[in-house]
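Here is the structure we will look at.
The values are calculated or read from the model by the stated rules, or taken from the named source; none is laboratory data. Treat the numbers as computed from the prediction; the structure is a model and nothing was measured. With ideal geometry, Cβ positions are generated from the backbone for all residues, glycine too; neighbour counts draw on all protein chains shown. The protein model used for the area step is the full one, side chains on, heavy atoms only, and it has no ligands, DNA or RNA in it. Shrake-Rupley method; radii C 1.70, N 1.55, O 1.52, S 1.80 Å.
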Amino acid sequence: MRSRLILAGTLAMALAGCGSDTTPQDAETADAGDAAPMPPAPASPALQPSDMATAPAEDEMETTIPGPIQGRWGLVAADCTSTRGDAKGLLTIESQRLRFYESTATLGEVAERGADRIRATFAFTGEGQTWSRDMTLAVADGGKTLVRSETGEGALAAPLNYERCPA
């Protein structure tokens, strides 16, 4: 993100220095048959670092799990409250990773993405094995329920419904 801000600032400074004012020396060297010089174009507003920080980059948006899906989800209420490490149905979703009881999945190629839904390939690792799954994650019931479904070889037979864990 910092490199994008530096690049945006450098670009803004370069554009600001590219005015179309004609100096007397430039006017003398122009051919007599050339059209009259154009009036200077109005300066476009320079991007401010604060503008860049509030809007996520387009490529970032396409490679992250939507915000409403992120968080802690449990198959049963006890998954959200266990303090003994036995919450086998707990699913924690971050911007590019899913964490299950004994495995993790990293977001891969995104096929579809909406404000509260994503369909993508996830690369799993756990218990010394690796595999991939095509998965859809979607929130329902005003953000209270997460529906996780899989397709392809080895996929779950039916979707799983998770409830959002209290904050």
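Rundown of residues vs (1) open to solvent by less than 70 Å² (accessible area, probe 1.4 Å); (2) closer than 14 Å to G108 by Cα; (3) modelled with pLDDT under 95, yes/no style:
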position: F122; (1), (2), (3): yes, yes, no
position: E127; (1), (2), (3): no, no, yes
position: R133; (1), (2), (3): yes, yes, no
position: V147; (1), (2), (3): yes, no, no
Considering each residue of segment 121-147, count those that are farther than 21 Å from L75 by Cα and under 21 Å from the mean Cα position of the chain (by Cα), and give that number. 3
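Conditions (1) part of a loop (DSSP other than H, G, I, E, B); (2) under 13 Å from C165 (Cβ atoms); (3) open to solvent by less than 60 Å² (accessible area, probe 1.4 Å), marked per residue:
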site	(1), (2), (3)
R72	no, yes, no
C80	no, yes, yes
R84	yes, no, no
T92	no, yes, yes
E102	yes, no, no
T106	no, no, no
E109	no, no, no
Give all pairs with beta carbons closer than 7 Å in which a residue from segment 104-116 that is within 23 Å of G142 (Cα to Cα) meets a residue that is among the basic types (K, R) and open to solvent by 50 Å² or more (accessible area, probe 1.4 Å); count only pairs at least 6 apart in sequence or on separate chains. E112/R119
Residues located in segment 144-167, provided they are assigned to a strand (DSSP E or B) and under 13 Å from R133 (Cβ atoms): R148, S149, E150, T151, L160
Here are some conditions: (1) touching a residue at least 60 places away in the same chain (Cβ under 8 Å); (2) open to solvent by 40 Å² or more (accessible area, probe 1.4 Å). A138 meets all but one. Which one does it not meet? (2)
